[in-house]
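Participant: Questions regarding the structure given below will be posed in turn.
The values are calculated or read from the model by the stated rules, or taken from the named source; none is laboratory data. Because the structure is a prediction, the values reported are computed rather than measured. Glycine gets a Cβ as well: all are built from the backbone with ideal geometry, and neighbour counts include every protein chain shown.
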Amino acid sequence: MARIIVVTSGKGGVGKTTTSAAISTGLALRGHKTAVIDFDIGLRNLDIVMNCERRVVYDFVNVINGEANLRQALIKDKRTENLYILPASQTRDKDALTKEGVERILNELAEDGFEYIICDSPAGIEHGAFMALYFADTAIVVANPEVSSVRDSDRILGILQSKSRRAEQGERVEEYLLLTRYHPERVEKGEMLGVSDVEEILATKLLGVIPESQSVLKASNQGTPVIHDTESSAGQAYADAVDRLLGEDVPHRFVTVQQKGVFQRLFRRSA
Amino acid sequence: MTLTSNAAAADTPHPASFVLKGGLFPLTLLEITRYDRTEFERDLQNKVAEAPAFFQQAPVVLSFDTFHEEAGAVPLPELQALCREYGLIPVALRSADEALQAQARAEGLPLMAAGRGKTAPNPPSAQAPEEERQGAAEEETHPHSPSRLVTTPVRSGQQVYAPGGDLIVLSSVSAGAEILADGNIHIYGAMRGRALAGVLGDTTARIFCQSLEAELISIAGSFKLDEDLRGEHWKQPVQVHLDGESLIISPLA
């Protein structure tokens, strides 16, 4: 039985696609057959972040409309075994998504032996975001430690609790919070919301804290999910998050100000 | 602002041409204390001059809760026509007076539940029968409902309403969320959103919370906003009750 995980946030630009790419890669690297689907019809960027934008022949909407089958649309990742990407359409719009069409594709993927299906949601609370979260078993709500992002994440948690299929059937979606672009120094100075502030407002299990890191932009431009960059703090934090998702108890790193050693201060190594 | 979900509607093979849903709409009350045709028209003219923008087809509920005499003698069609002439559209009637209710039925005007608590001072001779009628009206319009219990946080954008009773929230209420009750509201957590107690007019309703961080609190229509709440009781465990027209905030023991 495939586990369907939606990566959502409400607010735009907080790191959903980065997270979808990193987590799906992390799961595949640990041996699980994983598919990651881009639900951002018309504004797709999962394909860019995963370096397959030049290999898109058929997309999500083609499969829903029966213009192609799933095998033809799924793109096998070149770097990681077990990982497949289903890109969004760039020319259509979100009205092409239907509950029946999305359900059919998710069932087909499950029958095909996929263990994890990551749904990369677009920003907002409209049709595209709703389709991405409707069938989810697990939700990773991505938020920046910043007031408008936290408010929007609260809104999307409310929608998950009332409008998802699980909610309609009287069950609950397993909710996790992922804090991204965290900057411990700024938290200490009082310029940024801290982990405990966000936890108090959202009252949701913390999956991980991803520190602000220059490696993320680099990874995005190179089309290499940041989890491959095992030296960067962000890459390591994502790896920890994947372990927690798989049930391991991993202490949170990169949450407190790192005391720089003498050599680090001399040579100013950036994360 | 819907109170019921229509999730099943999408799965029916032959969708009906309409769905019945609950809705909550803030409405203005025209609280009428006395009626004399010339005076009423003059008062309307003065109000229009004060706030012309409001009198553009504004829906109002005609309320006779504070009417000084026998409300049944009021010529309802004449009053309605006057209101319409000046841009107020009566959409419902609120009165315990049966004769007036009968007029309303004849006019096709729906009846709203009588408000509790707010009664004008009556001449002593009329006091006893007035109270009896008020009590009877209360019983038929407010059948006992159990309190509504919410155990999970109330998220931004959600609205929770407890009709006919109290609302108890065992977690926090987020900013951007709205909770309403006909009775009291108890929040065993932080109150960061909007809380409206006694929404049908119960002035004895109270609000209790463990941490006052609200955007708005209201009892029977009297409200205070965030800026008025940021005093010595901000983020403290408090209870709020209505004294006359003002909300009093006191610490919880």
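Participant: Would you check which residues across the range A:146-168 are modelled with pLDDT of 95 or more and part of a loop (DSSP other than H, G, I, E, B) and list them?
Facilitator: A:Ser164
Participant: While we're on this one: Of all residues in the range A:20-51, which are under 23 Å from A:Ala96 (Cα atoms) and either in contact (Cβ under 8 Å) with a residue 60 or more places away in the chain or in a strand (DSSP E or B) (or both)?
Facilitator: A:Ser20, A:Ala35, A:Val36, A:Ile37, A:Asp38, A:Phe39, A:Asp40, A:Ile41, A:Leu43, A:Leu46, A:Ile48
Participant: Right, here's the next one. Taking the range A:127-169, which residues are polar (S, T, N, Q), within 11 Å of chain B (Cβ to nearest Cβ) and in contact with a Phe, Trp or Tyr (Cβ under 8 Å, 6 or more places away or on another chain)?
Facilitator: A:Ser164 - this is the single residue of the range A:127-169 that is polar (S, T, N, Q), within 11 Å of chain B (Cβ to nearest Cβ) and in contact with a Phe, Trp or Tyr (Cβ under 8 Å, 6 or more places away or on another chain).
Participant: In the range A:195-233, how many residues are of a type outside the set (S, T, N, Q), within 14 Å of another protein chain (Cβ to nearest Cβ) and touching a residue at least 12 places away in the same chain (Cβ under 8 Å)?
Facilitator: So the count comes out to 6.
Participant: Would a scan of the range B:239-253 turn up a residue that is in contact (Cβ under 8 Å) with a residue 24 or more places away in the chain, part of a loop (DSSP other than H, G, I, E, B) and surrounded by fewer than 13 Cβ atoms within 10 Å (Cβ to Cβ)?
Facilitator: Yes, the range B:239-253 has at least one match.
Participant: Any residue in the range B:186-201 that is without any contact (Cβ under 8 Å) to a residue 12 or more places away in the chain, more than 14 Å from chain A (Cβ to nearest Cβ) and either more than 11 Å from the chain's Cα centre (by Cα) or more than 17 Å from B:Pro251 (Cα to Cα) (or both)?
Facilitator: No: zero hits.
Participant: Considering only residues that are part of a helix (DSSP H, G or I) and over 24 Å from the mean Cα position of the chain (by Cα), look in the range B:69-104 and name the one that is modelled with the lowest pLDDT.
Facilitator: Top of the filtered list is B:Ala73.
Participant: Just need a number here: residues in the range B:1-56 that are under 24 Å from the mean Cα position of the chain (by Cα), part of a loop (DSSP other than H, G, I, E, B) and at pLDDT below 85.
Facilitator: Residues that pass the stated criteria total 13.
Participant: Would you check if there is a residue in the range A:185-201 being surrounded by fewer than 22 Cβ atoms within 10 Å (Cβ to Cβ), more than 19 Å from A:Thr19 (Cβ to Cβ) and among the polar types (S, T, N, Q)?
Facilitator: The answer is yes; a qualifying residue exists.
Okay, residues lined up against (1) at pLDDT 95 or above; (2) not in a helix (DSSP H, G or I):
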position: A:Met192; (1), (2): no, yes
position: A:Asp197; (1), (2): no, no
position: A:Gly208; (1), (2): yes, yes
position: A:Ala237; (1), (2): yes, no
position: A:Ala241; (1), (2): yes, no
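Participant: Which residues, counting only those in the range A:109-142, are part of a strand (DSSP E or B), over 18 Å from A:Arg165 (Cβ atoms) and of a type in the set (A, V, I, L, M)?
Facilitator: Across the range A:109-142, the qualifying residue is only A:Val142.
Participant: Considering only residues that are under 16 Å from A:Ile201 (Cα atoms) and at pLDDT below 95, look in the range B:156-170 and name the one that is surrounded by the most Cβ atoms within 10 Å (Cβ to Cβ).
Facilitator: Among residues in the range B:156-170 that are under 16 Å from A:Ile201 (Cα atoms) and at pLDDT below 95, the one surrounded by the most Cβ atoms within 10 Å (Cβ to Cβ) is B:Ser156.
Participant: From the list A:Arg253, A:Arg186, which residue is more than 14 Å from chain B (Cβ to nearest Cβ), part of a helix (DSSP H, G or I) and more than 17 Å from the chain's Cα centre (by Cα)?
Facilitator: Being more than 14 Å from chain B (Cβ to nearest Cβ), part of a helix (DSSP H, G or I) and more than 17 Å from the chain's Cα centre (by Cα) holds for just one of A:Arg253, A:Arg186, which is A:Arg186.
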